[in-house]
Amino acid sequence: MRLHSYFRSSASYRVRIALRLKGLEYEYCPVHLVKKEHLVAQFRALNPDALVPVLQLDDDHTLTQSLAICEYLDETIPEPPLLPADAWGRSRVRSLALSIACEIHPLNNLRVLRYLTDEVGASEEVKNRWYRHWVESGLLAFEAQLGQNLPAGRFCYGDAPTLADICLVPQIFNALRFQCDLKPLPRIMEIYETCMALEAFQLAAPGAQPDAA
Ligand SMILES: N[C@@H](CCC(=O)N[C@@H](CS)C(=O)NCC(=O)O)C(=O)O
């Protein structure tokens, strides 16, 4: 398998965690987003959305969209599971994961930030305000959801990492990088520390990637 990834990409980070949790080997293919390597025709042929991650299973089978990739890995390599066994649990975990993947991440993607500065004329300071606003308000909502009738445990859902943790940890990495206020998020930060104590999360971290700057 080949993973097209950028070390700082949080969506790529999600897939790297899933691959590591499943104990899968893969070839790392760096795509430098700042140098716009994802915007060239060769990469668009792999993923017309021009986004990482892309997971190539072989020459004929290519997967895009981090959550679809994680679910593919979970269905084909069931252990350890990334989703609970029951429908209610799966829906709760997907809901947490989507809260980050749909409600926070797309608003702060590189192309959105670039549009703000290059086309709308936002200053660096305004861009960072935008970034922090959506991350901080989105994570506050996530923290509240963690308090809503979920099984107790050290992770977002119970005592093992799931798709929810796979989405949460990279989002926190980004939030730390942009100096977001994480003080009102005690439960999230506890879960973040718990995840980061695991080898799979450490090996998937941006600083551990071959293209880390
Ligand atoms: N929904 C997509 C999002 C992928 C995504 O936005 N990737 C970012 C990096 S985290 C990217 O390639 N950005 C390039 C850009 O914005 O130009 C997924 O989950 O895979």
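Things to note:
- Selection of region 178-190 for residues being of a type in the set (Lys, Arg) and in contact (Cβ under 8 Å) with a residue 24 or more places away in the chain yields only Arg187.
- Residue check, Val93 in contact (Cβ under 8 Å) with a residue 24 or more places away in the chain, open to solvent by less than 40 Å² (accessible area, probe 1.4 Å) and over 29 Å from Met189 (Cβ atoms): no
- Residues in region 179-213 that are open to solvent by 40 Å² or more (accessible area, probe 1.4 Å) and touching a Lys or Arg at 6+ places or on another chain (Cβ under 6 Å): Leu203 only.
- If you go through region 137-166 and keep only what is acidic (Asp, Glu) and open to solvent by less than 60 Å² (accessible area, probe 1.4 Å), you end up with Glu143, Asp165.
The values are calculated or read from the model by the stated rules, or taken from the named source; none is laboratory data. Everything quoted here is computed from the prediction, not taken from an experiment. Positions of Cβ are generated from backbone atoms using ideal geometry, with glycine treated the same way; all protein chains shown enter the neighbour counts. Ligands, DNA and RNA are excluded from the accessible area calculation, which covers all protein heavy atoms including side chains. Shrake-Rupley method; radii C 1.70, N 1.55, O 1.52, S 1.80 Å.
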